[in-house]
1. Within the chain, what percent of beta bridges assigned by DSSP are antiparallel, to the nearest 5?
2. Any idea what log10 I(q)/I(0) is at q = 0.20, 0.25 Å⁻¹ for region 43-124, Debye with uniform C-alpha scatterers and no solvent?
3. Subtract the Cα-Cα distance of Ser317 and Asn278 from 0.36 nm times their separation in residues, and report this length gain in nm to one decimal.
4. Across bins of 5 angstrom width beginning at 0, how are the C-alpha pair distances of region 212-345 distributed, in whole percent?
5. Which residue fluctuates most in the GNM of the chain (Cα springs below 10 Å): Ala238, Ala92, Ala274?
6. Calculate I(q)/I(0) for region 29-175 by the Debye formula, one identical point scatterer on each C-alpha and no solvent, and give its log10 at q = 0.09, 0.18 Å⁻¹ to two decimals.
7. Taking Cα pairs under 8 Å and at least six residues apart, what relative contact order does the chain come out at, in percent?
8. Can you pick out the pairs among Lys66/Lys104; Lys285/Lys307; Lys60/Lys244; Lys32/Lys55; Lys32/Lys245 whose Cα atoms lie more than 27 Å from each other?
Amino acid sequence: MSSSISTIAVTGGAGFIGSNFVHFLFKQADFKGIVVNIDKLTYAGNLENLVEIEKKHAGKRYFFKKADICDPEKVSAVFTKYAVDTVVNFAAESHVDRSIYGPKEFVHTNIIGTFTLLEAAKESWGDRQDVLFHHVSTDEVFGSLGESDFFYETTSYDPRSPYSASKAASDHLVSAYFHTYHLPVTISNCSNNYGPYHFPEKLIPLMILNMLEEKPLPVYGDGKNIRDWLFVEDHCSAIYAILKKGRHGETYNIGGENEWTNIDLVNRLCETMAKKNNKPKDHYKKLITYVNDRPGHDRRYAINCDKIKNELSWKRSVTFEEGLDRTVTWYLANSQWIEHVRNGEYHKWLDKNYQGR
């Protein structure tokens with residue numbers, strides 16, 4: 001095992017993938033440790049994602065700390081108070097469109113935040129090798145692909161947006177701390193995630209919510225941009241495999257091996273929603289609206305994940321059809337969560353339940 005995993009600090013644990021990972025951890029029979037969720041609670045951080053965890057484990061095996069990962073004093077205090085021996089760093093500004101129009105936050109959180117965490121780990125752990133700093137990154141650091149290539153762990157970085165550039169920089173920092181200070185680290189680069197608790201600015205939840213309100217379904221350019229889709233639960237299981245068996249200093253690609261053009265994905269989603277809502281098959285397709293492409297829009301991403309499959313015996317377990325059905329079902333069953341996120345009620349709920357946290 002790469003780490004003892006007695007106390008795992010999950011940064012960004014109230015976000016989409018982070019909260020799913022916290023849920024995943026508490027479902028694992030072999031995980032007996034403590035989880036400390038460190039989250040700044042920006043617009044995408046939602047503690048409603050973790051109500052069940054809070055009820056069952058708060059104050060015993062689950063602790064939430066509202067903190068900015070760029071704050072060295074607060075980060076170091078968490079390492080000291082809880083004797084953190086494992087870090088999984090999800091915390092990041094992650095929306096490409098927002099990075100184009102406001103890159104400063106992305107540079108600050110994604111680069112300075114990662115640096116601050118690395119420094120705290122280095123100071124807290126010293127020469128220990130029974131610890132692990134795992135950094136969660138993206139396939140977007142590799143740039144754009146042609147029609148038949150794949151991203152490998154050895155693919156050269158070629159980021160095209162402020163978001164992907166900031167993630168590339170943070171990846172390099174993590175790797176540098178391994179080579180320079182011998183800090184036990186691993187890195188994973190994943191493809192597009194989807195599933196429950198996904199904030200509505202991203203493609204799949206945005207389309208679902210717009211369909212529910214009969215609003216236009218905006219598709220960039222010609223809709224032929226290709227992405228590899230990974231169900232969030234499979235991503236969580238891959239990270240857990242890395243924590244348990246990953247080699248220090250190594251990078252692991254995590255993909256869904258599931259490529260879809262944006263327009264084909266939206267069409268499939270329209271059909272799934274129509275079936276769920278007892279509508280004609282093409283009911284929602286009439287809402288599809290092509291809009292101007294965004295600047296620097298990479299044409300295709302596709303991950304080769306042979307390394308994690310061969311070395312760590314991981315494989316995805318959820319087909320796209322199953323994952324999409326589970327995702328749509330979750331959103332249809334959680335209208336209150338959607339309303340809280342979309343109309344600001346979440347912040348009132350937060351103030352009521354987490355004053356001073």
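1. Working: 3 of 41 bridges.
Restricted to the chain, the bridges split so that about 5 percent are antiparallel.
2. -1.02, -1.23
3. The Ser317-Asn278 span can extend by a further 11.2 nm.
4. Reading upward from the zero bin: 2, 9, 14, 16, 17, 17, 12, 8, 4, 1, 0.
5. Taking springs between Cα atoms under 10 Å, the residue moving most is Ala274.
6. Scattering profile of region 29-175, log10 relative to I(0): -0.33, -1.14.
7. Details: 659 pairs, mean separation 65.4, N = 357.
RCO, the chain: 18 percent.
8. Exceeds cut-off: Lys285/Lys307.
Readers should treat all values here as calculations from the given coordinates under stated rules, not as data from a laboratory. Not measured: the values here are computed from a predicted model. FYI the Cβ positions are ideal-geometry reconstructions off the backbone, even for glycines, and counts take in every protein chain you see.
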